[in-house]
1. Collect the residues in the stretch 155-172 that are farther than 19 Å from GLY52 by Cβ and more than 10 Å from the ligand (Cβ to nearest atom), keeping them in residue-number order.
2. Output the qualifying pairs, or none if there are none: Cβ atoms under 6 angstrom, residues six or more apart or on different chains, first residue in the stretch 44-73 and within 16 Å of THR89 (Cα to Cα) and among the hydroxyl-bearing types (Ser, Thr, Tyr), second residue at pLDDT 95 or above and near the ligand (Cβ under 10 Å from one of its atoms).
3. Which one of these does GLY36 not meet: (1) under 21 Å from the mean Cα position of the chain (by Cα); (2) under 27 Å from HIS209 (Cα atoms); (3) not in a helix (DSSP H, G or I)?
4. Among the residues of the stretch 185-214, how many are among the acidic types (Asp, Glu) and assigned to a strand (DSSP E or B)?
5. Does the stretch 261-281 include one or more residues that are under 23 Å from the mean Cα position of the chain (by Cα), modelled with pLDDT of 95 or more, part of a helix (DSSP H, G or I) and surrounded by fewer than 15 Cβ atoms within 10 Å (Cβ to Cβ)?
6. Hey, among GLY175, GLY194, which residue is among the small types (Gly, Ala, Ser) and near the ligand (Cβ under 9 Å from one of its atoms)?
7. Restricting attention to the stretch 41-67, which residues are within 14 Å of the ligand (Cβ to nearest atom) and in a helix (DSSP H, G or I)?
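The values are calculated or read from the model by the stated rules, or taken from the named source; none is laboratory data. This structure is a prediction, so every number in the text was calculated from the model and none was measured. Cβ sites come from the backbone with ideal geometry, for glycine too, and all protein chains shown count toward neighbours.
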Amino acid sequence: MSRDHQIYVTKPGLPPLEDFVPFLRDIWDRRVLTNGGPYHQQLEVALRDYLGVDHIALFCNGTIALVTALQVLRVTGEVITTPYSFVATAHSLLWNGIKPVFADVDPRTLNLDPTKIEAAITPQTTAIMPVHCYGHPCDLDAIQRIADTYNLRVIYDAAHAFGVQLHDGSVLRHGDLSVLSFHATKVFNTFEGGAIVCPDARTKARIDHLKNFGHAGELTVVAPGINGKMSEFNAALGLLQLKHVDRAIARRSEIDGLYRALLGGVKGIHCLPDAGEKRANYAYFPILVKPDYPLSRDELNQRLKDSGINPRRYFFPLISEFPMYRGLPSAHRDNLPVATAAAQQVLCLPIYPDLSTAEVEEISRIIATP
Ligand SMILES: *Cc1c(COP(=O)(O)O)cnc(C)c1O
């Protein structure tokens with residue numbers, strides 16, 4: 001084999017280093033390093049326009065943005081969420097003293113199943129925190145109907161959903177708030193970073209107070225806020241990355257199409273369908289290894305690793321299996337049969353702009369010839 005390097009599930013995209021130097025020089029000259037400096041302000045405007053949303057507040061990472069989003073809406077008591085996600089989703093609830101209540105996912109999309117949400121509502125429920133898993137939109141209308149009926153808030157963990165557009169606009173324009181992550185592994189990265197998307201200026205002002213220790217002016221502190229600010233370094237990176245993101249998503253789309261063509265007919269391998277977005281972001285390429293495939297998911301994972309290819313079992317284990325969650329009544333496997341089965345079968349294949357067509361063919365060949 002000619003390949004002499006390991007292939008990982010993702011490889012962060014970076015702009016040419018020379019292009020970043022002028023930004024660094026500006027930061028050095030200005031000596032404005034953080035606290036809503038000029039690059040921070042520029043990136044908020046640029047992302048608001050790019051994403052097609054009304055207001056956006058930048059954060060140092062997606063997890064602090066999730067924690068803050070719950071505080072913005074004064075969410076308490078119980079929140080219904082999915083076990084099939086990255087652990088930060090549920091951790092943001094614990095950081096606010098909120099009890100997570102897990103509901104099962106839809107076998108088609110692996111997003112929170114609206115028909116399971118209603119049964120999980122109690123008098124303590126105040127909000128729903130769904131995840132647009134793999135960047136595929138949740139059943140937005142059904143979730144909003146439930147929220148309206150029971151007077152619940154909806155906070156979308158949209159960490160996977162950067163740039164996803166539906167036929168009526170950005171997926172981020174749904175629910176009360178949406179939270180993005182710009183972590184190195186995501187479609188758009190600022191090394192570390194995140195944001196809250198909100199519909200109105202008043203909420204944006206409250207978010208801006210909460211991410212800056214609760215400061216509302218030099219001498220006034222209105223809430224026990226946190227330090228969630230994005231630095232000028234990360235904001236400048238974001239401005240530069242934004243110039244390349246359309247090309248990055250276009251290449252991801254080609255890879256997605258290649259995998260679908262090469263794996264579509266393989267018995268026992270199920271590719272998750274795209275969700276009919278007007279514009280998807282191809283953040284992940286999950287396959288489900290079904291019982292009629294000759295190898296188990298873990299055997300296939302090992303087979304690929306033996307060839308220097310490192311897929312990831314996202315999401316395994318389920319959040320509900322971790323020690324701080326597994327004692328909850330809703331964490332019981334009997335309550336989560338679809339998520340439990342998916343966690344046993346899923347494998348996310350490498351997908352990133354620098355992945356070559358030959359590499360996609362090699363990965364697909366190994367999977368197609370077990
Ligand atoms: C990445 C991710 C987060 C956390 O974002 P960070 O920026 O890494 O803090 C939260 N939820 C989901 C679903 C994620 O994938």
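1. Matches in the stretch 155-172: ILE155 only.
2. Every condition considered, the pairs that remain are THR63/ALA88.
3. (1)
4. Residues that pass the stated criteria total 0.
5. No, every residue in the stretch 261-281 fails to be under 23 Å from the mean Cα position of the chain (by Cα), modelled with pLDDT of 95 or more, part of a helix (DSSP H, G or I) and surrounded by fewer than 15 Cβ atoms within 10 Å (Cβ to Cβ).
6. Just one listed residue meets the conditions, GLY194.
7. GLY62, THR63, ILE64, ALA65, LEU66, VAL67
Matching residues to (1) outside the structural domain of SER85 (by TED's automatic domain parsing); (2) part of a helix (DSSP H, G or I); (3) loosely packed, with under 13 Cβ neighbours inside 10 Å:
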site: LEU295; (1), (2), (3): yes, no, no
site: ASP298; (1), (2), (3): yes, yes, no
site: GLN302; (1), (2), (3): yes, yes, yes
site: SER320; (1), (2), (3): yes, yes, no
site: ALA342; (1), (2), (3): yes, yes, no
site: TYR352; (1), (2), (3): yes, no, no
